[in-house]
1. Would you point out the residue of the stretch 106-158, among those that are under 26 Å from Glu249 (Cβ atoms) and aromatic (Phe, Trp, Tyr), that is surrounded by the fewest Cβ atoms within 10 Å (Cβ to Cβ)?
2. Could you tell me which of the residues Leu97, Leu71, Leu59, Leu92 is over 13 Å from the mean Cα position of the chain (by Cα) and closer than 19 Å to Pro262 by Cβ?
3. Which one of these is of a type in the set (A, V, I, L, M, F, W, C) and under 21 Å from the mean Cα position of the chain (by Cα): Ala155, Ala103?
4. Under 23 Å from Gly252 (Cα atoms), surrounded by 15 or more Cβ atoms within 10 Å (Cβ to Cβ), in contact with a helix residue (DSSP H, G or I) (Cβ under 7 Å, 6 or more places away or on another chain) and among the aliphatic types (A, V, I, L, M): is that true of Ala166 in this structure?
5. Every residue in the stretch 62-78 that is more than 18 Å from Asp93 (Cβ to Cβ) and in contact with a Gly (Cβ under 8 Å, 6 or more places away or on another chain), please.
6. Where in the stretch 68-122 are there helices (runs of 4 or more DSSP H), lying wholly inside it, with at least 3 residues that are over 21 Å from Met190 (Cβ atoms) and touching a Cys at 6+ places or on another chain (Cβ under 9 Å)?
7. Which ones in the stretch 224-239 are of a type in the set (S, T, N, Q) and not in a helix (DSSP H, G or I)?
8. So, of the residues in the stretch 219-248 that are among the charged types (D, E, K, R) and more than 17 Å from the chain's Cα centre (by Cα), which turns out to be farthest from Leu134 (Cα to Cα)?
Amino acid sequence: MSGKEEARVSMKRLYVDGPFGQIHVQDGQQGRPLVLLHQAIMASGQFDAVFGPLKAAGLRPIAIDMPGFGLSDAPDAPPAIADYARCVAPVLDALGLERAAVAGHHTGAAVATEFALACPERAQALILHGPMLLPDDERAYWADRLLTSETGFTALPGGAHLAAVASLREDLSQGRVPPARITDYVVQAMQAFRQGTYWWGHAAAFAYRHEHRLPLITMPCLLLTNTGDMTHANAQAAHRLRPDFGWAEIPGGGIDICDEAPEAWAGAIIDFLATLPA
């Protein structure tokens, strides 16, 4: 969505009973199933711009609001990554699907990994964008910086807290995402804030040791990255750990690559899945 608005693709919305209450899902309805798991603090709407190219290639995007995000009910207490992963199987069951490819972005990449390890017979393939392989000092720095900010996040008079989120996301996108879409990001973040779960996703992500879990993956896996993403070095570390995994690299961009380069992001997944049996 570089500087222009994209038409949104129609997706069927439904609710599924899950381990923590209702799970909100957007379903492309036809094609080869591909579960999409979003980053914190967003929701399934993160993938609005990639639904179109994925569907045009014959895939069926199934985007899940993870528990406590978007329109999905929250757990009673802050969950671990494995708890978030428990939301995927009920969605597949409700849609009558035995297996699906699973793609996760940032926090969603950790959730996708845990689902694949818990239910290997149901994950046909994995696409991981932003695996969390961090040195301990870097992990501690980012955990402290993010969680201090997020646990202290509060509503302010005049909607100043909304402006603060918009300003942060504008800084991260460096003008590559238009104001209307930045507004969507703020709305998605506020859906978590409304439920009191604003900091939960990043807390789970920084407690997760992805480097201990990647060696256990047995199904085909693509490491998808973009060079401007703050997690790019982590993806490179994951590739050194698992050189047998597929690798796709998009030049530039930031954490909002699904909006900044939707055709490239979707295309990498389309090309990878085309190498595997349907």
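1. Restricting to residues being under 26 Å from Glu249 (Cβ atoms) and aromatic (Phe, Trp, Tyr), the top hit is Tyr141.
2. Testing whether each residue is over 13 Å from the mean Cα position of the chain (by Cα) and closer than 19 Å to Pro262 by Cβ leaves just Leu59.
3. Ala103
4. yes
5. Those that are more than 18 Å from Asp93 (Cβ to Cβ) and in contact with a Gly (Cβ under 8 Å, 6 or more places away or on another chain): Gly68, Phe69, Gly70, Ala74, Pro75.
6. Hits in the stretch 68-122: 88-94, 107-118.
7. Scanning the stretch 224-239 gives Thr225, Asn226, Thr227, Thr231.
8. In this case the residue turns out to be Asp244.
The values are calculated or read from the model by the stated rules, or taken from the named source; none is laboratory data. Since the structure is predicted, the reported quantities are computational estimates derived from the model, not experimental observations. Quick reminder, even Gly has a Cβ in these numbers, built from the backbone with ideal geometry, and neighbours come from all protein chains shown.
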